[in-house]
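Student: Before I ask anything, here is the structure I am working with.
Just so it is clear, none of the values below were taken in a lab; they were calculated from the coordinates. All values reported here derive from a predicted model rather than from experimental measurement. Counting neighbours? That spans all protein chains shown, and the Cβs are built from the backbone with ideal geometry, glycine included.
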């Protein structure tokens, strides 16, 4: 009789959210790539009724024991602390530690109270960048030999919508404090006053900063688009003269690779994991320096050859990141513990 493959529980709840954000997109794409590789994969799609913390720490451990799970993977920062089997945890970033007002109060409490304990209890911790791995090791004292760095990959599906009329510059992501969009709006307003013909489009849900961004923009053509669908974001990236990411903290930056894969030039803050993700295929600036950013934007908006160079370099760099490679490296982590 053939032996059954070990049962690997995968907390896939975030993969089934209607409009996932970065970590949810990771869960969805990783699950798709893991399923052909691991016959014993057990995706947990729903957390049931009641508080998610109760499901994670009480209900899930019971299900793991009842099914005889050999391993559980929490791909979005949380694991059962008492689980009866080895645990793998993915920690995308520790922005909630570095920037305390970046999350709503209740969500921030959960992350601050449980992510350190989950990380220290996990037999392996996966991080998408060396920057995040260093942060987890330093803040939580997780031994480096238990941490694995596994990069993510372009995640946005190709769409068919026509890009909006240009020219324009683009920033994409929720309007949260860590995104540091004020420095971008100030730099753009300066260029607009000098006669730059571009618009600045900000695609992302308002998290309490929209009023201040409108104030900083003044008369400059800054459009806050709100949350946009995958199909619309795809079209925005295809039509932009540049994607600008001024964040003071990013654990990886999926949108950077999505822009590069579409030939959109990328301008990144010299902060967090962004230089690691962008490599030599992006232009960089100090996230506290609106004048330096204005100079970089002036250069990329005005020099077609520079945009063409970055477009080609970005496409080549994005092609080196795949979800198949991410899944195979993740499966190798499982094998270490089985």
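Student: If you line up the long axis of helix 290-302 against the longest principal axis of the chain, both from Cα atoms, how many degrees apart are they, to the nearest 10?
Tutor: 80
Student: Rounded to the nearest 500, what is the 222 nm mean residue ellipticity of the chain from helices alone, with -39500 (n - 2.57) per DSSP H run of 4+ residues and division by all residues? Could you put the intermediate results ahead of the total?
Tutor: Details: 13 runs with 141 residues, N = 338.
Computed mean residue ellipticity for the chain: -12500 deg cm²/dmol.
Student: I would also like to ask the following. Report the extension gain between residue 299 and residue 134 in nm, rounded to one decimal, defined as 0.36 nm multiplied by the number of residues separating them, less their alpha carbon distance. The partial results should precede the final answer.
Tutor: On the way: separation 165, 0.36 × 165 = 59.40 nm, distance 3.35 nm.
Fully extending the segment from residue 299 to residue 134 adds 56.0 nm.
Student: Here's another thing I want to ask about it. How many percent of DSSP beta bridges within region 168-318 run antiparallel, rounded to 5?
Tutor: 0
Student: Give me the extension gain from residue 219 to residue 309: residue separation times 0.36 nm, minus the current Cα-Cα distance, reported in nm with one decimal.
Tutor: Answer, rounded to one decimal: 29.2 nm.
Student: Using the number of other C-beta atoms within 10 angstrom as an exposure proxy, rank 23, 112 with the fewest first.
Tutor: Listed from fewest to most nearby Cβ atoms, that is 112, 23.
Student: Could you run the Debye sum over the Cα atoms of the chain, one equal point scatterer each and no solvent, and tell me log10 of I(q)/I(0) at q = 0.10, 0.15 Å⁻¹, two decimals?
Tutor: Listed by q, the Debye log ratios stand at -0.61, -1.24.
Student: Would you mind pulling out the separation of the Cα centroids of region 300-330 and region 73-128, in Å?
Tutor: Comparing the Cα centres of region 300-330 and region 73-128, I get a distance of 30 Å.
Student: Still on this structure: Mind putting together the pair-distance distribution for region 168-318? All Cα pairs, 10 Å bins, whole percent per bin, short to long.
Tutor: For region 168-318, the pair-distance distribution reads 12, 46, 37, 4.
Student: Going by average Cβ neighbours within 10 Å, how do the peptides 297-306, 274-283 rank, with the highest at the top?
Tutor: Descending mean neighbour count gives 274-283, 297-306.
Student: Also, quick follow-up: Would you mind calculating the gained length between residue 335 and residue 144 on full extension (0.36 nm times residue separation, minus the Cα-Cα distance), in nm to one decimal?
Tutor: 66.9 nm
Student: Looking only at Cα atoms, what is the convex hull volume of region 43-186 per residue, in Å³?
Tutor: Cα-based convex hull of region 43-186, divided per residue, equals 167 Å³.
Student: What is the helix-to-structure angle for 22-34, meaning the angle in degrees between its Cα long axis and the longest Cα principal axis of the chain, kept from 0 to 90 and rounded to the nearest 10?
Tutor: That works out to roughly 50 degrees.
Student: Report, in degrees rounded to the nearest 10, the 0 to 90 angle that the Cα long axis of helix 181-194 makes with the longest principal axis of the chain.
Tutor: Tilt relative to the chain: about 20 degrees.
Student: Can you pull the one-decimal nm distance between simple spin-label points at residue 3 and residue 67, each 7 Å off the Cα toward Cβ?
Tutor: 2.1
Student: Also, I was wondering about something else. Equivalent ellipsoid semi-axes for region 33-112, as square roots of 5 times the alpha carbon gyration tensor eigenvalues: give them largest first, rounded to whole Å. Please list the in-between numbers first.
Tutor: On the way: eigenvalues 130, 51, 25 Å².
Largest first, region 33-112 gives 25, 16, 11 Å.
Student: According to a simple spin-label model (label point 7 Å from Cα along Cα-to-Cβ), what is the distance in nm between residue 82 and residue 231?
Tutor: Reported label-point gap for residue 231 and residue 82 is 4.9 nm.
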